[in-house]
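Note sheet for the following structure.
The values are calculated or read from the model by the stated rules, or taken from the named source; none is laboratory data. It should be emphasised that the depicted structure is a prediction, and the values quoted were computed from it without experimental measurement. Counting neighbours? That spans all protein chains shown, and the Cβs are built from the backbone with ideal geometry, glycine included. Side chains are part of the model used for accessible areas, which takes the heavy atoms of the whole protein and leaves out ligands, DNA and RNA. Shrake-Rupley method; radii C 1.70, N 1.55, O 1.52, S 1.80 Å.
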Amino acid sequence: MNHTVDLHIHSLSSGHAYSTIEENARRAAEIGLKMIAITDHSFAMPGGPQWIHFAALTMLPRNLYGVEILRGIEANILDYQGGLDVEKPWIDKLDVVIASYHDLVINATNRLQHTEGMLAVMEHPFVDIIGHPGNPAFELDIPAFVKGARDHNKLIEINNSSFKGTRKGSYDNCLEIAREAVKQGVGLVLSSDAHVSVKVGQLNQSQGLIEAAGVPEELIISRSPQAFKQYLFSKGKALDLKKSS
Ligand SMILES: [Zn+2]
Ligand SMILES: [Zn+2]
């Protein structure tokens, strides 16, 4: 199946990404995507934008070049007690909230603590997606982590960039995560984590992995805009794309 949604894309505003939102959207249109989320790193990441960047995302058009544009963030997990670099009330106004561990922001400790930290983050109703949990630097108790996602209605990311050197060793962890998600019936999203427009929608390795893990299509929540909107609706975060320009 041709997946038409990419929910993890960085723009220039991340500080270490190199394309504008327009360039990302244009690329998405060229390759046939129907929906993208702009999810810049939040402010604890060196070079990341200040809080006002996220608070003002409501200025973004809802559609560019025929591609639906979602307003998002990749929040940094700050500690092992559920701390994130986000603030009320603007976090509740974003369409997509990814939460991730990054070694530039938090020191890795041990499997038990990484897992407890993830479970604490999942307590936040506004968090939608756990970013690149296959990262071996932040090893997890995979069955417990997936159960947490199921209990809290969170989606788990299979991050295509993780298989290209940035988070070496992610493949085997992601395969195990995907198999466990099938067992427990937890939704997955395939994302590019693009930091430059030519990478938008690049999901080949993630697609290969979910085939290898035997993930049924209905568990891929990023397969279509409708499937993702239905997920948002299920948590009372309905998108109204008609209202805005
Ligand atoms: Zn980045
Ligand atoms: Zn990340």
Within the range 11-63, how many residues are away from ligand 1 (no atom under 16 Å from the Cβ) and at positive phi? 1
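Can you tell me which residue is farthest from ligand 2 (Cβ to nearest atom) among those in the range 127-143 that are open to solvent by 20 Å² or more (accessible area, probe 1.4 Å) and assigned to a loop (DSSP other than H, G, I, E, B)?
The initial filter retains those residues of the range 127-143 that are open to solvent by 20 Å² or more (accessible area, probe 1.4 Å), namely 135-137, 139, 141, 143.
The next check asks that each one be assigned to a loop (DSSP other than H, G, I, E, B); those that pass are 135, 139, 141.
Details: N135: 9, E139: 16, D141: 21 Å.
Checking each candidate, the answer is D141.
Could you check the range 189-206 and list, in sequence order, the residues that are within 13 Å of ligand 2 (Cβ to nearest atom) and in a loop (DSSP other than H, G, I, E, B)? Talk me through it step by step, then tell me what you get.
Start the filter on the range 189-206 by keeping residues that are within 13 Å of ligand 2 (Cβ to nearest atom), which leaves 191-195.
Matches in the range 189-206: S192, D193, H195.
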Looking at the range 21-50, which of its residues are under 29 Å from G83 (Cα atoms), out of contact with any Asp or Glu (no Cβ under 6 Å at 6 or more places or on another chain) and open to solvent by 40 Å² or more (accessible area, probe 1.4 Å)? P46, G47, Q50
Odd one out for S161 among (1) under 18 Å from I129 (Cα atoms); (2) over 13 Å from the mean Cα position of the chain (by Cα); (3) open to solvent by 10 Å² or more (accessible area, probe 1.4 Å): (2)
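Every residue, every condition in (1) in contact with a Gly (Cβ under 6 Å, 6 or more places away or on another chain); (2) part of a strand (DSSP E or B), yes or no:
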site: E22; (1), (2): no, no
site: A29; (1), (2): yes, no
site: L33; (1), (2): yes, no
site: I36; (1), (2): no, yes
site: E68; (1), (2): no, yes
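Of H124, H53, which residue is more than 24 Å from G15 (Cβ to Cβ), modelled with pLDDT of 95 or more and either open to solvent by 40 Å² or more (accessible area, probe 1.4 Å) or within 16 Å of ligand 2 (Cβ to nearest atom) (or both)? Step through it out loud before you land on a result.
Numbers: H53 fails: more than 24 Å from G15 (Cβ to Cβ).
After ruling out the rest, the residue left standing is H124.
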What are the pairs with Cβ atoms under 9 angstrom where one residue, in the range 85-102, is more than 16 Å from ligand 1 (Cβ to nearest atom) and in a helix (DSSP H, G or I) and the other, located anywhere, is open to solvent by 30 Å² or more (accessible area, probe 1.4 Å) and not hydroxyl-bearing (S, T, Y)? Sequence gap at least six, or different chains. W90/W51; W90/I52; W90/A55; W90/A56; I91/H124; D92/P125; D92/K237; K93/A55
Determine which single condition N153 fails, assuming it passes every other condition in (1) more than 17 Å from L84 (Cβ to Cβ); (2) over 16 Å from the mean Cα position of the chain (by Cα); (3) surrounded by fewer than 19 Cβ atoms within 10 Å (Cβ to Cβ). (2)
Within the range 46-71, the residues that are under 16 Å from the mean Cα position of the chain (by Cα) and farther than 20 Å from Q226 by Cβ are F54
Run E74 past the list (1) within 16 Å of ligand 2 (Cβ to nearest atom); (2) surrounded by fewer than 23 Cβ atoms within 10 Å (Cβ to Cβ); (3) of a type outside the set (A, V, I, L, M) and report the number of the one that doesn't hold. (2)
When (1) within 14 Å of ligand 2 (Cβ to nearest atom); (2) over 14 Å from the mean Cα position of the chain (by Cα); (3) touching a residue at least 12 places away in the same chain (Cβ under 8 Å) are applied to T166, the one that fails is (3)
Can you pull out the residues in the range 167-188 that are more than 17 Å from G148 (Cβ to Cβ) and not in a helix (DSSP H, G or I)? R167, K168, G169
Which residue, of K88, K93, is in contact with a Lys or Arg (Cβ under 8 Å, 6 or more places away or on another chain) and not aliphatic (A, V, I, L, M)? K93
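Within the group V186, V182, which residue is open to solvent by 10 Å² or more (accessible area, probe 1.4 Å) and of a type in the set (V, I, T)?
Numbers: V186 fails: open to solvent by 10 Å² or more (accessible area, probe 1.4 Å).
Criteria check complete, one pass: V182.
For the structure I just gave you, tell me whether I69 is touching a strand residue (DSSP E or B) at 6+ places or on another chain (Cβ under 7 Å), open to solvent by less than 30 Å² (accessible area, probe 1.4 Å), at pLDDT 95 or above and within 16 Å of ligand 1 (Cβ to nearest atom). Give the steps one after another, and end with the answer.
On the way: touching a strand residue (DSSP E or B) at 6+ places or on another chain (Cβ under 7 Å): yes; open to solvent by less than 30 Å² (accessible area, probe 1.4 Å): yes; at pLDDT 95 or above: yes; within 16 Å of ligand 1 (Cβ to nearest atom): no.
Judged against the criteria, I69 is not a match.
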